[in-house]
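The values are calculated or read from the model by the stated rules, or taken from the named source; none is laboratory data. Everything quoted here is computed from the prediction, not taken from an experiment. Counting neighbours? That spans all protein chains shown, and the Cβs are built from the backbone with ideal geometry, glycine included.
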């Protein structure tokens, strides 16, 4: 089995006639978090979506563990968790119900695990309220609980601290710390430096306009 490593080689992608990604190269391996920085419109979200297979590059390739991700998308997706701008939650379900079904389709989930994950993100008081009644920050925390429950080696995160207060931003840093310390891989698009306590595994890559 190849070591966990996500790699982009000479990735090109257009949006209409706009050349968004121009020969982008990156590599992030086990025990590392790579931060994608840059101004709005430089392609951070596009690169994340390409890295998880939601967008198709016109040139170059993305590989995971040495294999082009498109050779077996089902197997690749089974090893990743993607957290976008909007938390993947159903508004009429409670936070607990959302996690039960969201994670449950991927693996067997014990009730105690679910309780612990919600407690970890401070969800004790609102776990059984419909998501439509939660604040944007509470929804983000619920999604973070789901992220920890996935138990996958690759995290792809698009502005993971959005709508979070200082305590919540610190929580994101801690969760990423623990993930990479355990040998996981994280690729995150950010506007602000992540509040991680182990900087050795943290690198930055800036996307810019030509």
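Please work out if residue 99 is in contact (Cβ under 8 Å) with a residue 40 or more places away in the chain, assigned to a loop (DSSP other than H, G, I, E, B) and not assigned by TED's automatic domain parsing to the domain that holds residue 176.
For residue 99, the condition - in contact (Cβ under 8 Å) with a residue 40 or more places away in the chain, assigned to a loop (DSSP other than H, G, I, E, B) and not assigned by TED's automatic domain parsing to the domain that holds residue 176 - is not met.
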Qualifying position, being surrounded by 17 or more Cβ atoms within 10 Å (Cβ to Cβ) and over 30 Å from residue 126 (Cα atoms), among 25, 65, 70
65
Scan (1) touching a strand residue (DSSP E or B) at 6+ places or on another chain (Cβ under 9 Å); (2) touching a residue at least 12 places away in the same chain (Cβ under 8 Å) for the single condition residue 19 breaks and write down its number.
(2)
Assess whether residue 131 counts as being modelled with pLDDT of 95 or more, in the same structural domain as residue 185 (by TED's automatic domain parsing) and touching a helix residue (DSSP H, G or I) at 6+ places or on another chain (Cβ under 9 Å).
no
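So is residue 107 under 19 Å from the mean Cα position of the chain (by Cα) and surrounded by 14 or more Cβ atoms within 10 Å (Cβ to Cβ) or not?
no
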Tell me, which residue of the range 143-170 that is more than 25 Å from residue 47 (Cβ to Cβ) and touching a helix residue (DSSP H, G or I) at 6+ places or on another chain (Cβ under 7 Å) is surrounded by the fewest Cβ atoms within 10 Å (Cβ to Cβ)?
165
Qualifying residues in the range 54-75 (those that are modelled with pLDDT under 95 and in contact with a helix residue (DSSP H, G or I) (Cβ under 6 Å, 6 or more places away or on another chain)) - the one nearest to residue 158 (Cα to Cα)
55
When the residues of the range 1-13 are filtered to those that are assigned to a strand (DSSP E or B) and under 19 Å from the mean Cα position of the chain (by Cα), which remaining residue is nearest to residue 157 (Cα to Cα)?
6
Given the range 14-91, what strands (runs of 3 or more DSSP E) lie entirely inside it while holding 3 or more residues that are more than 19 Å from the chain's Cα centre (by Cα) and more than 27 Å from residue 192 (Cβ to Cβ)?
59-64
Hey, residue 119 hits all of (1) farther than 30 Å from residue 17 by Cβ; (2) buried (at least 18 other Cβ atoms within 10 Å of the Cβ); (3) at pLDDT 95 or above but one; which does it fall short on?
(2)
